[in-house]
Amino acid sequence: MADCRIHRTQRRAMSDNIPAALDHAILPGIALGYAPVIDRQRAIAGTRLTLVPLRPDAKVDHAELLGALAATWPKGGAVISPQGEALLAALLTQPPAEPTQIEVPAFIAADPEHGASLAALKAAGHSGLLKGLPQATLPTEIATVFKQVVVEPGQAAPAGMLPVHAGVHGAEAIDASFNAGASAVIGWPMDGPFEAVPNAAKPEVAADLQVIVELMSRVDQGEDVERLEQTLKRDPSLAFKLLRYLNSAAFGLPVEVSSFRHAIMLLGYARMKRWLALLLTTASKDHSMRPIMFGALRRGLLMEEFAQNMSEREQRDEMFICGLFSLLDHMLKQPFEKLLQSIPVPDRVRQALVEDEGPYQPYLQLVRALESGSVFDYRDCAEALMLGAGEINACVLRALHKASQLE
């Protein structure tokens, strides 16, 4: 079997356009993590990016950090959560150019030393996310910087601030947070693989998703284009969405794709599988699935980034599909062992999803560590793959950048 580790000495080969600030290893002294900010309608209100110093004396190039943030979110809108005082102080003194929400621990917000920089933050169009409850009432000019506060379940938010629950994992836990009055939740609706409820009714797959599964099977069997087009015509909205993906700036195809037939001619059957996989994992009309789709898209893009220097194009496509499909069990409410009986996937993808082994499994573990924010898991996974933090960070930010272009 081909060696699937990233060969870092090879030149990065990419056909898509990546901002210069993200085309090399960056911020080697910190570990990045990410999670969605979910509102009460289960829509994605933003992305929270955590920055954790890997050593107490880690030095961070602030200009490089600002450049990376601007390249990832050119219009701003992210929630930045620096976990070290030096990192936070630098961001308060010199925040990103575009509107950003910066997470600030309550004891820092209460420190008069940071009063001027916090007031300047609001004046520059930024806002704060207060982390924890202050021991005393904040001065008015400081309190107005914060519209939201991260609190524990059962804690009341100070007047003028909306409560946010963070670090929440699992659909039931998210529901409980909203039932407890949270205005938003930072976390993930999945907590491990999907587990079927005993004696539960068989889940029904939506008609539009059934069309995509059938189309994937027909592509896998190499059926003629006419048959494929007839299948896709059963849901014209899927054809529209597929063409929008194909023509997005995120993947920069050399010409504009005008039809499904044109796409097959341009890409071939093998490469079309990746686009159908993307369509399957982002086509659900169930609003409660939006955080799952958010996670699946970023997993696929991040796995593809990890695979950019693998020797075979086939491996890169498979890594993309592996990341995308890694949450399909939660989306379709079936365990992978049963689910993949009807959805064709490559053997190495099946190994990772069903058997939790194979060449792609270590990369999937690293993605999960990035989602969880566990530095211990992050270190273990990175060391197993012999990847440096700078390389991982570049992959994370490129994936987040691409995801924003696709949505």
Subject >> Members of region 252-283 found to be in contact (Cβ under 8 Å) with a residue 60 or more places away in the chain, buried (at least 18 other Cβ atoms within 10 Å of the Cβ) and assigned to a loop (DSSP other than H, G, I, E, B), listed by number >> reply: Ala283
Original post:
Which condition does Ile343 not pass, out of (1) at pLDDT below 90; (2) of a type outside the set (D, E, K, R); (3) within 30 Å of Leu22 (Cβ to Cβ), if it passes all the others?
Top reply: (3)
Subject >> Residue that is surrounded by the most Cβ atoms within 10 Å (Cβ to Cβ), among those in region 299-358 that are part of a loop (DSSP other than H, G, I, E, B), touching a residue at least 24 places away in the same chain (Cβ under 8 Å) and aliphatic (A, V, I, L, M) >> reply: Leu327
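Going by what's in this entry, would Val164 be described as on the phi < 0 side of the Ramachandran plot, outside the structural domain of Ser326 (by TED's automatic domain parsing) and either of a type in the set (Ser, Thr, Tyr) or outside any loop (DSSP other than H, G, I, E, B) (or both)?
Details: on the phi < 0 side of the Ramachandran plot: yes; outside the structural domain of Ser326 (by TED's automatic domain parsing): yes; either of a type in the set (Ser, Thr, Tyr) or outside any loop (DSSP other than H, G, I, E, B) (or both): yes.
Yes: the conditions hold for Val164.
Pick out, from region 10-114, the strands (runs of 3 or more DSSP E) lying fully within it that include 3 or more residues that are at pLDDT 95 or above, within 22 Å of the chain's Cα centre (by Cα) and of a type in the set (Gly, Ala, Ser). Break it down stepwise before answering.
Details: elements: 30-39, 44-53, 79-82, 101-105.
Strands (runs of 3 or more DSSP E) meeting the threshold: 30-39.
Take Met289 and decide whether it is buried (at least 18 other Cβ atoms within 10 Å of the Cβ), assigned by TED's automatic domain parsing to the domain that holds Pro359, modelled with pLDDT of 90 or more and closer than 22 Å to Glu355 by Cα.
On the way: buried (at least 18 other Cβ atoms within 10 Å of the Cβ): yes; assigned by TED's automatic domain parsing to the domain that holds Pro359: yes; modelled with pLDDT of 90 or more: yes; closer than 22 Å to Glu355 by Cα: no.
In short, no.
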Subject >> Criterion: modelled with pLDDT of 95 or more, in the same structural domain as Ser326 (by TED's automatic domain parsing) and more than 19 Å from Gly33 (Cα to Cα) - qualifying residue of Arg368, Arg348 >> reply: Arg348
Original post:
What are the pairs, 6+ residues apart or on separate chains, where a residue within region 221-240 that is of a type outside the set (Lys, Arg) has its Cβ under 7 Å from a residue that is in a loop (DSSP other than H, G, I, E, B)?
Top reply: Leu238/Ala283
**OP:** Determine whether region 61-74 contains at least one residue that is touching a residue at least 40 places away in the same chain (Cβ under 8 Å), within 20 Å of Trp188 (Cα to Cα) and crowded, with 19+ Cβ neighbours inside 10 Å.
**Re:** no
Original post:
Restricting region 157-175 to residues that are under 30 Å from the mean Cα position of the chain (by Cα) and more than 23 Å from Thr50 (Cβ to Cβ), which is surrounded by the most Cβ atoms within 10 Å (Cβ to Cβ)?
Top reply: Asp175
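The values are calculated or read from the model by the stated rules, or taken from the named source; none is laboratory data. Just so it is clear, the structure is predicted and the values come from calculations on it, not from any experiment. Note that each Cβ is placed from the backbone with ideal geometry, even for glycine, and that neighbours are counted across all protein chains shown.
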